[in-house]
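Worksheet for the structure shown next.
The values are calculated or read from the model by the stated rules, or taken from the named source; none is laboratory data. Quick caveat, the model's predicted, so the values are computed rather than measured. Methodologically, a virtual Cβ is constructed for each residue, glycine included, from the backbone with ideal geometry; neighbour enumeration extends over all protein chains shown.
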Amino acid sequence: MAMGIAGISLLLLVAYPLSLLLLHSLEVGGRPTVSSYLKAFAERQNLVALGNSLYVGVAVTLLAVLIGVGTAWLIIRTDIPFKRGFRGLIFLTFITPPYIGAIGWIQLLGRAGYLNSALMRAFNLSAPPIELYSLEGIIAVMAIYLYPLVFWATAGVLERTDPALEDAAALSGGTRWRVFTTITLPLASPNILSAAILVFIHTISCFAVAAALGLPTRHYVLATRIYAALSHYDVQMACALSVVLVLLSGGAFLLQRVLLGEGRYTTITSRSRRPEPLNLGRWRLPATIFLAAFTFLTAILPLLTILSTSLLKAWGLPPALGNLSWGNYLAILQDRLIGSALRNSLIFASLAASAGALLSFVVAYISARTRLPGRGFLDLMATFPLAIPGPVLATAMILAFMNPPFVLYNTPWIIILAYIVAFTPFALRNLSGSLRAIDPALEEVAWLSGASWLRGLKDILLPLLRPEILTSWILVFLMGLREIPLSLMLHTQGTETVGVVLFSFWETIGVEALSALAVIVMLVTLAGHLILGKLGGRLEVG
Amino acid sequence: MKSKVGKIIASISLSLALVLVLMSECPSKERTTLTPEAAHVTVYMGPIPLAQKLEAVFEAKHGDVLTVVSGPWCRKVRAELEAGDIKADVLHGADPSIYMMLRGAGQLLPYSSPEAMALKPEYRTGAENFTLANGRYAVIVYNKRFVSPEEAPKTWDDLLDAKWKGKVVIGDPLLCSAAFAIACSLVQLHGFNWDYIKALRDNGAMLADNAGKAAEVVASGEAWVGICVHDAALRMIKKAKKQGVESPLVLVWPKGGAIAIPRPVAIVQDAARSDASTALAKEFVDFVLSVQGQGIAAKFGFVPVRADVPAPRGIPAEFKAVMPDWGWMRRNDQALRSKWESIMHGE
């Protein structure tokens, strides 16, 4: 039943629009042809972009896993102080929208950025020593932006892993490191891999950072090539290149399945107790300083830059006191669209978040707990829309929902559905690893004691998964609140969203106005996060 | 026991659906104020503040007759065309290239507005499928924190000076149709010779994802000089002045001629549209071209296409302009892009 509903909604929301898109890419001038694909691969620059996308995607994923697992281990498993503070900072890193984050990094590390200017003055250099405009620059900025996803996924499992397994290994003479690499890490691997896929797919489809940091030195990735095709009205080429992104993400997905195999990863069993934190001893102070420096550089510094930009009277002025005012915030208050846009975005994003959390729970449950045929396909279908850049996904939604039988274009529905399709992958990848970590015996015992299937779910599984479900909700909500490209293509009069206003501020006023509104959006996200935390107990992401 | 889950899921979906239905009742113009016979026109136009102003003034006279989808609409229209049917009645903004594409696809309704008689000669195209409604020009901008007025570039060729190595920014022709027109015009201005582009490449030209973004990059000091559409820079300068500070941006109208990237207006072909609505669409086009409509656009930084409306502050009284060969660019889109790529990324 649940499988049926999940399957039908995925078919309608994902398979239907995207197969229409595929059909259109296979048709030029009314005739079936694969010419767009041949053309796509005949262009050498597309192949270069493919190589760049792969390089950036893999490097960001590895870096994000390294940072995410490392920070999670330090914060969850050791006696490092200020745990809540560090977790808060990691949350802040992620709620900074990437298009703003990239501008903040340019202010810090660009050719005229604070660091390069200081270095040039200090050492009397004629050229800036650091070049942010490179594939490596994209990799660094994307890895910093995305490692929190790995952090949450890993923290969730480290917090609740049954320490009996580790104790046993330690008793049999394993060193701390050996125990960590042979017991703890493998047990956390479903969560880590699940988040890694999310990071990989999100990286290869992300336009904003690649455009801001790659274009100045003429580095293209597939996402920028797709936007380029659309700018020349070549929908077929954009579709063909998007299919390549989908295939790449499908490959990553298969790799995950192969790596995980059919192993058992249950770490939360009936006898679970909380693990004792590891005493860092004389490493405690250095570790604290290191983590503090890292979070300061990756979370606080960019945020301070964005805050000071949001107070600038005009873009391009140095952030001196005389150049700052509340003018940009006052302009937001006076904007005619902002009230309805905020209301629309809050409604659209929270509906999408609720639907996304529900859908991803059902899909994750089916995929982890049942042997139903097609469960892997369901999982894949809910994940791969993440690989498709916003404007192409919006095109697919227009193809599917402009004409009968489903006429939803120019209603709020199409935006909500697009948000669900685009952002459910965040919820799903966040849930699916965790569900695997919970011993099915826990529910089975409940059923054996006479509880109904639903009761077992409600009393055992849902409480155990509550932090992950709430995290899933907030992730979808957050992405919906700040996204721009989907809204730009799908809104009409009356359904304008915050994304539309963000774009308008950027286009007609400048970066300072964009930053001010982005700060407001981040505050709204924080508020939502705190309210959820109050409602649902402590959150994984806080 | 499984049916219970079904019930729960059904009730959740039902409540979701209810919320959505309630929401779709929120005041949307089409539902609340329209009778099927009444004239009604959907306009796609940007940027948003300009669209809001045009809508307000037009509706003050005609009543609540417009649905305005404001913001960039090229990708939206392209997707609608792919899905079979453009939902707009009137398009306004962007640059001629999308109108050429739509005209080629037979999507534009020929209309010569009586107001078009008042157009300055350089904005008369002779074609009736779309009318050039706002003057917009690609010019040189520089950052006066780093560049003095004496050493600032005065001509397009000055941008090739070695002192700007790694400090010139232009819009990426692959990612922005206006930037494409700028690059092609630079080739055209140099006798259809690509050496200018090669020299730009050798001077380490930085790319930005659109022709307006260059102003942002130059203002920040990441580049010192650049090519950008004039209104983006003008708005930044005006905003700074309003706030009592001075923007570091300075515009230079190059001697060889600013490159015209005019913003057209056009009516979409739609057999099903009522005569009353088509008449209203024509009235809206007339309004955009009228003295009043042109005055509104001028406040936003666009150069009026008619002589009887004063140009906004910051536009020189006399300047030389070149009109890109839009037809040539449209016909050779693929070849020109390939040529650009082979220069910028190969050789």
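Would you be able to tell me the number of residues in the range A:445-495 that are within 14 Å of chain B (Cβ to nearest Cβ) and either touching an Asp or Glu at 6+ places or on another chain (Cβ under 8 Å) or of a type in the set (Ser, Thr, Tyr) (or both)?
The number of residues fulfilling the criteria is 9.
Could you please find all residues in the range A:379-405 being away from chain B (no Cβ under 13 Å), aliphatic (A, V, I, L, M) and buried (at least 22 other Cβ atoms within 10 Å of the Cβ)?
If we filter the range A:379-405 for residues that are away from chain B (no Cβ under 13 Å), which is where we start, we get A:379-388, A:405.
Narrowing further to those that are aliphatic (A, V, I, L, M): A:380-382, A:386-388.
Result: A:ALA382, A:LEU386, A:ALA387, A:ILE388.
Whether any residue in the range A:51-69 is touching a residue at least 24 places away in the same chain (Cβ under 8 Å), within 13 Å of another protein chain (Cβ to nearest Cβ) and of a type outside the set (D, E, K, R) is what I want to check.
Yes, the range A:51-69 contains a residue that is touching a residue at least 24 places away in the same chain (Cβ under 8 Å), within 13 Å of another protein chain (Cβ to nearest Cβ) and of a type outside the set (D, E, K, R).
Does B:ALA83 qualify as being more than 20 Å from the chain's Cα centre (by Cα) and over 25 Å from B:LYS299 (Cα atoms)? Show your work before the answer.
Values: more than 20 Å from the chain's Cα centre (by Cα): yes; over 25 Å from B:LYS299 (Cα atoms): yes.
Yes, satisfied.
Taking the residues in the range A:26-40 that are part of a helix (DSSP H, G or I) and farther than 26 Å from A:VAL199 by Cα as candidates, determine which candidate is farthest from the other protein chains (Cβ to nearest Cβ). Show your work before the answer.
Looking only at the range A:26-40, we keep the residues that are part of a helix (DSSP H, G or I), and these are A:35-40.
Cutting the leftovers down to farther than 26 Å from A:VAL199 by Cα gives us A:35-39.
Values: A:SER35: 13, A:SER36: 13, A:TYR37: 16, A:LEU38: 14, A:LYS39: 9 Å.
Taking the candidates together, the pick is A:TYR37.
I need the full set of residues from the range A:225-249 which are polar (S, T, N, Q), within 10 Å of chain B (Cβ to nearest Cβ) and farther than 14 Å from B:ASP172 by Cα, in order please. Quick ask: steps written out before the conclusion?
Taking the range A:225-249 as the starting set, the residues that turn out to be polar (S, T, N, Q) are A:231, A:236, A:242, A:249.
If we keep only those that are within 10 Å of chain B (Cβ to nearest Cβ) too, we end up with A:231, A:236.
Across the range A:225-249, the qualifying residue is only A:GLN236.
Looking only at residues that are of a type in the set (S, T, N, Q) and under 13 Å from B:THR131 (Cβ atoms) in the range B:270-301, which one is surrounded by the fewest Cβ atoms within 10 Å (Cβ to Cβ)? Talk me through it step by step, then tell me what you get.
If we filter the range B:270-301 for residues that are of a type in the set (S, T, N, Q), which is where we start, we get B:274, B:277-278, B:290, B:292, B:294.
Those still in the list that are under 13 Å from B:THR131 (Cβ atoms) too: B:290, B:294.
On the way: B:SER290: 18, B:GLN294: 25.
Out of the qualifying residues, it is B:SER290.
Among helices (runs of 4 or more DSSP H) lying entirely in the range A:407-459, which contain 1 or more residues that are without any contact (Cβ under 8 Å) to a residue 12 or more places away in the chain and more than 22 Å from A:ALA349 (Cα to Cα)? Working first, answer last.
Details: elements: A:412-437, A:441-448, A:453-456.
Of the helices (runs of 4 or more DSSP H) lying wholly inside the range A:407-459, those with at least 1 residues that are without any contact (Cβ under 8 Å) to a residue 12 or more places away in the chain and more than 22 Å from A:ALA349 (Cα to Cα) span A:441-448, A:453-456.
What about A:ALA349, is it crowded, with 23+ Cβ neighbours inside 10 Å and within 12 Å of chain B (Cβ to nearest Cβ)? Working first, answer last.
Details: crowded, with 23+ Cβ neighbours inside 10 Å: yes; within 12 Å of chain B (Cβ to nearest Cβ): no.
When the stated conditions are applied, A:ALA349 does not pass them.
Just give me the residues in the range A:66-88 being under 15 Å from A:LEU149 (Cα atoms) and surrounded by fewer than 21 Cβ atoms within 10 Å (Cβ to Cβ), in sequence order.
Within the range A:66-88, A:LEU66, A:ILE67, A:GLY70, A:TRP73, A:GLY88 qualify.
Looking at the range A:169-222 only, could you name the residues that are away from chain B (no Cβ under 14 Å) and not in a helix (DSSP H, G or I)? First the steps, then the outcome.
Initially, the range A:169-222 is screened for residues away from chain B (no Cβ under 14 Å), giving A:169-205.
Passing the criteria: A:SER172, A:GLY173, A:GLY174, A:THR175.
Looking at the range A:41-50 only, could you name the residues that are without any contact (Cβ under 8 Å) to a residue 60 or more places away in the chain and either outside any loop (DSSP other than H, G, I, E, B) or buried (at least 23 other Cβ atoms within 10 Å of the Cβ) (or both)?
Within the range A:41-50, the first condition is being without any contact (Cβ under 8 Å) to a residue 60 or more places away in the chain, and the residues that meet it are A:41-44, A:47.
Within the range A:41-50, A:PHE41, A:ALA42, A:ARG44, A:LEU47 meet the criteria.
Can you tell which of B:ALA311, B:ALA297, B:ALA240, B:ALA279 is aliphatic (A, V, I, L, M), under 30 Å from A:GLU512 (Cβ atoms), assigned to a helix (DSSP H, G or I) and not assigned by TED's automatic domain parsing to the domain that holds B:ALA199?
B:ALA297
Just give me the residues in the range B:57-76 being in contact with a helix residue (DSSP H, G or I) (Cβ under 7 Å, 6 or more places away or on another chain), outside any loop (DSSP other than H, G, I, E, B) and within 12 Å of another protein chain (Cβ to nearest Cβ), in sequence order.
B:LEU66, B:THR67, B:VAL68, B:SER70, B:CYS74, B:ARG75, B:LYS76
Which one of A:VAL243, A:VAL258 is modelled with pLDDT under 90, part of a helix (DSSP H, G or I) and over 21 Å from A:TRP73 (Cβ atoms)? Steps first, answer last, please.
Values: A:VAL243 fails: modelled with pLDDT under 90.
After ruling out the rest, the residue left standing is A:VAL258.
In the range A:502-513, which residues are within 10 Å of chain B (Cβ to nearest Cβ) and either part of a helix (DSSP H, G or I) or surrounded by 24 or more Cβ atoms within 10 Å (Cβ to Cβ) (or both)? First the steps, then the outcome.
Looking only at the range A:502-513, we keep the residues that are within 10 Å of chain B (Cβ to nearest Cβ), and these are A:503-513.
Listed by number, the residues that qualify are A:PHE503, A:SER504, A:PHE505, A:TRP506, A:GLU507, A:THR508, A:GLY510, A:VAL511, A:GLU512, A:ALA513.
Check the range A:516-533 and report whether any residue there is assigned to a helix (DSSP H, G or I) and within 14 Å of chain B (Cβ to nearest Cβ). Break it down stepwise before answering.
Kept after step one, since they are assigned to a helix (DSSP H, G or I), are these residues of the range A:516-533: A:516-533.
Now drop any that are not within 14 Å of chain B (Cβ to nearest Cβ), which leaves A:516-517.
Within the range A:516-533 (the criterion being assigned to a helix (DSSP H, G or I) and within 14 Å of chain B (Cβ to nearest Cβ)), the answer is yes, since at least one residue qualifies.
Filter the range A:288-306 down to the residues that are buried (at least 17 other Cβ atoms within 10 Å of the Cβ) and under 22 Å from B:VAL217 (Cβ atoms) and list them by number.
A:PRO302, A:THR305, A:ILE306
Go through the range B:265-279 and give me each residue that's touching an Asp or Glu at 6+ places or on another chain (Cβ under 8 Å) and not polar (S, T, N, Q).
Result: B:ILE267, B:VAL268, B:ASP270, B:ARG273, B:ALA276.
Taking A:MET479, is it in contact with a Pro (Cβ under 7 Å, 6 or more places away or on another chain), of a type in the set (A, V, I, L, M, F, W, C) and touching a residue at least 24 places away in the same chain (Cβ under 8 Å)? Walk me through it before giving the result.
Working: in contact with a Pro (Cβ under 7 Å, 6 or more places away or on another chain): no; of a type in the set (A, V, I, L, M, F, W, C): yes; touching a residue at least 24 places away in the same chain (Cβ under 8 Å): yes.
Spelling it out, it is not the case that A:MET479 is in contact with a Pro (Cβ under 7 Å, 6 or more places away or on another chain), of a type in the set (A, V, I, L, M, F, W, C) and touching a residue at least 24 places away in the same chain (Cβ under 8 Å).
Go over the candidates A:ALA49, A:ALA42 one by one and state the one that is small (Gly, Ala, Ser) and in contact with a Phe, Trp or Tyr (Cβ under 6 Å, 6 or more places away or on another chain).
None of the others qualify; the one that does is A:ALA49.
In the range B:152-176, what residues are touching a residue at least 40 places away in the same chain (Cβ under 8 Å), within 22 Å of the chain's Cα centre (by Cα) and farther than 23 Å from B:PHE319 by Cβ?
Passing the criteria: B:PRO173, B:LEU174.
Is it the case that A:ALA427 is more than 14 Å from chain B (Cβ to nearest Cβ) and of a type in the set (A, V, I, L, M, F, W, C)? Even if it seems obvious, please write down each step before you answer.
Details: more than 14 Å from chain B (Cβ to nearest Cβ): yes; of a type in the set (A, V, I, L, M, F, W, C): yes.
It is true that A:ALA427 is more than 14 Å from chain B (Cβ to nearest Cβ) and of a type in the set (A, V, I, L, M, F, W, C).
Please specify each residue of the range B:184-227 satisfying the condition of being more than 13 Å from chain A (Cβ to nearest Cβ) and of a type in the set (D, E, K, R).
Across the range B:184-227, the qualifying residues are B:ASP195, B:LYS198.
Is one or more of the residues making up the range A:355-369 away from chain B (no Cβ under 14 Å), over 30 Å from A:PHE505 (Cβ atoms) and surrounded by fewer than 24 Cβ atoms within 10 Å (Cβ to Cβ)? Give the derivation first.
First pass over the range A:355-369, keeping only residues away from chain B (no Cβ under 14 Å): A:364, A:367-368.
Checking the rest, the ones that are also over 30 Å from A:PHE505 (Cβ atoms) come to A:364, A:367-368.
Within this subset, residues satisfying the condition of being surrounded by fewer than 24 Cβ atoms within 10 Å (Cβ to Cβ) are A:367-368.
The answer is yes, given that some residue of the range A:355-369 is away from chain B (no Cβ under 14 Å), over 30 Å from A:PHE505 (Cβ atoms) and surrounded by fewer than 24 Cβ atoms within 10 Å (Cβ to Cβ).
Would you please name the residue that is modelled with the highest pLDDT, looking only at residues in the range A:406-417 that are of a type in the set (A, V, I, L, M) and surrounded by fewer than 21 Cβ atoms within 10 Å (Cβ to Cβ)?
In the first step, residues of the range A:406-417 are kept if they are of a type in the set (A, V, I, L, M); the result is A:407-408, A:414-417.
Okay, now just the ones that are also surrounded by fewer than 21 Cβ atoms within 10 Å (Cβ to Cβ), so A:407-408.
Numbers: A:VAL407: 90, A:LEU408: 93.
Looking at the filtered set, the residue picked out is A:LEU408.
Identify, from the list A:ILE388, A:ILE438, A:ILE416, the residue that is over 16 Å from A:GLU468 (Cβ atoms) and over 16 Å from the mean Cα position of the chain (by Cα). Steps first, please.
Values: A:ILE388 fails: over 16 Å from the mean Cα position of the chain (by Cα); A:ILE438 fails: over 16 Å from A:GLU468 (Cβ atoms).
Checking each option against the conditions leaves just A:ILE416.
Restricting attention to the range A:310-325, and to residues there that are more than 11 Å from chain B (Cβ to nearest Cβ) and surrounded by fewer than 16 Cβ atoms within 10 Å (Cβ to Cβ), which single residue is nearest to A:VAL476 (Cα to Cα)?
A:PRO319
Got a number for residues in the range B:294-347 being of a type in the set (S, T, N, Q) and in contact (Cβ under 8 Å) with a residue 12 or more places away in the chain?
Looking only at the range B:294-347, we keep the residues that are of a type in the set (S, T, N, Q), and these are B:294, B:332, B:334, B:338, B:342.
Going one step further and asking which of them are in contact (Cβ under 8 Å) with a residue 12 or more places away in the chain, we end up with B:294.
Going through the range B:294-347 one residue at a time, the tally reaches 1.
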